[in-house]
Amino acid sequence: ADFEIVEDGVSREITSVELADAPFNLVLLLDVSGSIENYVNFIRKAARSFINTVGKDDRLSIVIFNEDIKMLAAFTTDKGKLSESLDTFDAGGGTAYYDAMAFVIADTLRPLRGERTAIVILTDGDDNRSFLAFDSLAGSIQESGALIYPLYVPSGLIALAAQNLDADLDPLRRKYMSLTAKSEGEGEKLAKISGGIYYPI
């Protein structure tokens, strides 16, 4: 009685409600393109902080992308191994973000269908190199059942964080430390169609 399920505006019968404490299979998808080239240490630090927050039984995989896509670490619970893998990449190049999403869904998560899966993405959200269009991802995202948590960080904000400035920004600097409307809209849509949460930072 505490839950209501609605599909396409039609209420559906709930046959059972169960607690789920099964471990998650998490993919950490990191943008290592040219837009973050000067802030690689920030990306590594953020990724390590995330690794330390996952449960002891949760399995984590790390995938990086620029114009190419590479699995940095296969699914494991070994946090030391995951942390060490973050020292093995350099940043630079274009941003094939949508292609990277498709790779994670088709190659990394498909064998895990039926298990609890999620994708956590750290990027500025601006794609400039993919063969796939954003709208072509929706169906495969829903079919995968994976929750998506886009964490969108403007590259200008990363630069400011490195300087440890507390002063308010003037309007011109604020403009370059915000996300584009396109990436913001896409981040919200990714979270909505997957059941995850969008975090503009």
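The values are calculated or read from the model by the stated rules, or taken from the named source; none is laboratory data. Being a predicted model, the structure only gives us computed values, none of them experimental. So basically every Cβ, Gly included, is an ideal-geometry build from the backbone, and we count neighbours across all protein chains shown. Heavy atoms of the whole protein, side chains included, go into the accessibility calculation; ligands, DNA and RNA do not. Shrake-Rupley method; radii C 1.70, N 1.55, O 1.52, S 1.80 Å.
A few remarks follow.
- Search result, residues across region 90-121 that are open to solvent by less than 10 Å² (accessible area, probe 1.4 Å) and either in a loop (DSSP other than H, G, I, E, B) or free of Cβ contacts under 8 Å to residues at least 40 places away in the same chain (or both): Gly94, Thr95, Ala96
- Test: residue in region 38-60 that is among the polar types (S, T, N, Q), farther than 19 Å from Leu147 by Cβ and touching an Asp or Glu at 6+ places or on another chain (Cβ under 9 Å): no
- Any hit, region 146-165, residues being at pLDDT below 90, farther than 16 Å from Glu186 by Cα, out of contact with any Leu (no Cβ under 9 Å at 6 or more places or on another chain) and assigned to a loop (DSSP other than H, G, I, E, B): yes
- Residue count for region 6-23 satisfying the condition of being in contact with a strand residue (DSSP E or B) (Cβ under 6 Å, 6 or more places away or on another chain) and either within 20 Å of Tyr149 (Cβ to Cβ) or loosely packed, with under 10 Cβ neighbours inside 10 Å (or both): 0.
- Across region 74-105, the qualifying residues are those that are touching a helix residue (DSSP H, G or I) at 6+ places or on another chain (Cβ under 7 Å) and among the hydrophobic types (A, V, I, L, M, F, W, C), and the one among them that is modelled with the lowest pLDDT is Ala91.
- The conditions of being open to solvent by less than 70 Å² (accessible area, probe 1.4 Å), in a loop (DSSP other than H, G, I, E, B) and under 23 Å from Thr117 (Cβ atoms) are met by Gly55.
- Residue pairs whose Cβ atoms lie under 9 Å apart, separated by 6 or more positions or on different chains, with the first residue in region 64-76 and more than 12 Å from Leu86 (Cα to Cα) and buried (at least 20 other Cβ atoms within 10 Å of the Cβ) and the second among the basic types (Lys, Arg) and modelled with pLDDT under 95, are Asn66/Arg129.
- Within region 32-46, considering residues that are open to solvent by less than 70 Å² (accessible area, probe 1.4 Å) and either over 20 Å from Lys79 (Cα atoms) or modelled with pLDDT of 95 or more (or both), the one nearest to the chain's Cα centre (by Cα): Val32
- Single unsatisfied condition, Phe50 versus (1) surrounded by 10 or more Cβ atoms within 10 Å (Cβ to Cβ); (2) over 15 Å from the mean Cα position of the chain (by Cα); (3) not basic (Lys, Arg): (2)
- Meets criteria (closer than 22 Å to Leu147 by Cα and either out of contact with any helix residue (DSSP H, G or I) (no Cβ under 9 Å at 6 or more places or on another chain) or in contact (Cβ under 8 Å) with a residue 12 or more places away in the chain (or both)) for Ala1: no
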